[in-house]
Amino acid sequence: MAVQSPLTRKPTLAVFKFASCDGCQLSLLDAEDELLAVAEVVDIANFLEASREVRPGPYDVTLVEGSITTPHDAARIRRVREESKFLVTIGACATAGGIQALRNWKDVNEFTAFVYANSEYIETLDRSTPVSFHVPVDFELRGCPISKTQLLEVVTAFLQGRRPNIPTYSVCVECKHRGTTCVMVAHGTPCLGPVTQAGCGAICPAYNRGCYGCFGPMEEPNTAALSAWWKSLGVDDRGLVDAYRGFNAWAAAFREASDRHEAAITVRGASA
């Protein structure tokens with residue numbers, strides 16, 4: 001979609017929130033000066049974090065933050081999809097179910113009965129799932145929170161009718177770019193960087209901490225090899241389950257890895 005001239009209609013941008021903390025929407029507001037430039041070429045028609053004005057669709061570009069956790073949200077995301085030419089999911093919640101996807105391995109009815117005095121009034125799904133589980137998604141932008149630089153690249157790319165230039169390589173490449181010594185090699189610190197998609201600038205390793213996997217799995221991650229390395233550092237299967245079940249727990253590669261280690265725990269328990 002090309003940028004419109006002043007004599008034609010500006011492309012419309014909408015931002016919708018589902019189950020999330022609002023952090024990814026705030027990344028757009030944090031863009032500040034860059035946001036003003038975006039506002040000159042797009043018509044922000046629906047963005048409750050920034051304005052109470054809401055105009056009906058259809059929208060040219062729609063950003064969706066948050067996972068789908070209730071029947072109402074499942075129906076609402078279908079309506080949003082119908083109103084959107086391009087739909088982009090932003091953040092770990094929208095792309096991988098978020099931290100709330102930890103419920104997917106437990107009994108949600110037990111949770112609600114424990115927390116609420118009258119749990120029969122709570123209407124929720126038994127799983128927290130990415131938006132892509134419910135409707136077609138044109139692009140996924142990872143992160144918890146997302147990078148404002150990457151967000152601006154995505155919006156600009158759709159306005160210019162091209163695919164966003166977002167890296168799919170690992171955080172390790174970012175460490176190399178900034179000259180950061182590998183924390184696993186040098187210090188024996190467990191790190192998810194080798195299987196995590198770049199985007200944060202390798203912040204944690206730069207401060208001698210292992211990567212937590214905030215941007216989800218990279219393209220074709222070798223989780224088996226990384227798990228073996230972690231075990232050589234003294235991390236057991238329970239520690240590996242906890243590591244993979246973080247912000248992007250329901251992302252396929254991390255989910256499969258954590259399930260594999262949980263199964264190993266179960267087998268050992270049965271044979272003990």
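A few points about this structure:
- Residue selected from the stretch 81-110 under the condition among the charged types (D, E, K, R) and closer than 22 Å to G213 by Cβ, by the criterion surrounded by the most Cβ atoms within 10 Å (Cβ to Cβ): R103
- Evaluation of L7 against (1) farther than 14 Å from L151 by Cβ; (2) modelled with pLDDT of 80 or more (one fails), failing number: (2)
- Checklist (1) farther than 23 Å from A251 by Cα; (2) surrounded by fewer than 18 Cβ atoms within 10 Å (Cβ to Cβ); (3) within 20 Å of the chain's Cα centre (by Cα) applied to R163, failing item: (1)
- In this structure, C211 does not qualify as in contact with a helix residue (DSSP H, G or I) (Cβ under 8 Å, 6 or more places away or on another chain), part of a loop (DSSP other than H, G, I, E, B) and at pLDDT below 95.
- Scanning the stretch 196-213 for any residue that is buried (at least 18 other Cβ atoms within 10 Å of the Cβ), polar (S, T, N, Q), within 26 Å of I77 (Cβ to Cβ) and not assigned by TED's automatic domain parsing to the domain that holds G91 turns up at least one such residue.
- Scanning the stretch 46-80 for residues that are buried (at least 21 other Cβ atoms within 10 Å of the Cβ), assigned to a loop (DSSP other than H, G, I, E, B) and among the small types (G, A, S) turns up just one, G66.
Yes or no, residue by residue, for (1) touching a Pro at 6+ places or on another chain (Cβ under 7 Å); (2) among the basic types (K, R):
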site: G193; (1), (2): yes, no
site: A202; (1), (2): no, no
site: R209; (1), (2): no, yes
site: G213; (1), (2): no, no
site: P217; (1), (2): no, no
site: L233; (1), (2): yes, no
site: R255; (1), (2): no, yes
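- Taking residues in the stretch 206-227 that are without any contact (Cβ under 8 Å) to a residue 40 or more places away in the chain and within 17 Å of G239 (Cβ to Cβ), and partners anywhere that are in a loop (DSSP other than H, G, I, E, B) and among the small types (G, A, S), the pairs with Cβ atoms closer than 8 Å and at least 6 places apart or on different chains are Y212/G246.
- Pairs where the first residue, in the stretch 246-261, is touching a residue at least 24 places away in the same chain (Cβ under 8 Å) and the second is in a loop (DSSP other than H, G, I, E, B) and of a type in the set (D, E, K, R), C-beta under 9 Å, 6+ apart: N248/R142; W250/R127; A251/R142; A253/E220; F254/R245; H261/D236
- Breaking point among (1) of a type in the set (V, I, T); (2) outside the structural domain of Q25 (by TED's automatic domain parsing); (3) without any contact (Cβ under 8 Å) to a residue 24 or more places away in the chain, for I166: (3)
- Where helices (runs of 4 or more DSSP H) fall entirely within the stretch 81-199, those with at least 2 residues that are within 30 Å of T62 (Cα to Cα) and touching a strand residue (DSSP E or B) at 6+ places or on another chain (Cβ under 9 Å) are at 92-96, 148-159.
- When G234 is tested against the conditions (1) in contact (Cβ under 8 Å) with a residue 40 or more places away in the chain; (2) farther than 15 Å from A92 by Cα, the lone failure is (1).
- Selection count where residues are surrounded by 13 or more Cβ atoms within 10 Å (Cβ to Cβ), more than 21 Å from the chain's Cα centre (by Cα) and not in a loop (DSSP other than H, G, I, E, B), scope the stretch 29-45: 8
- The selection criterion, being of a type in the set (S, T, Y) and more than 18 Å from F16 (Cβ to Cβ), holds for T124.
The values are calculated or read from the model by the stated rules, or taken from the named source; none is laboratory data. Note that the coordinates shown come from a computational prediction; the quantities given were computed from them, not determined experimentally. Reconstructed Cβ throughout: ideal geometry from the backbone, glycine too, with neighbour counts over all protein chains shown.
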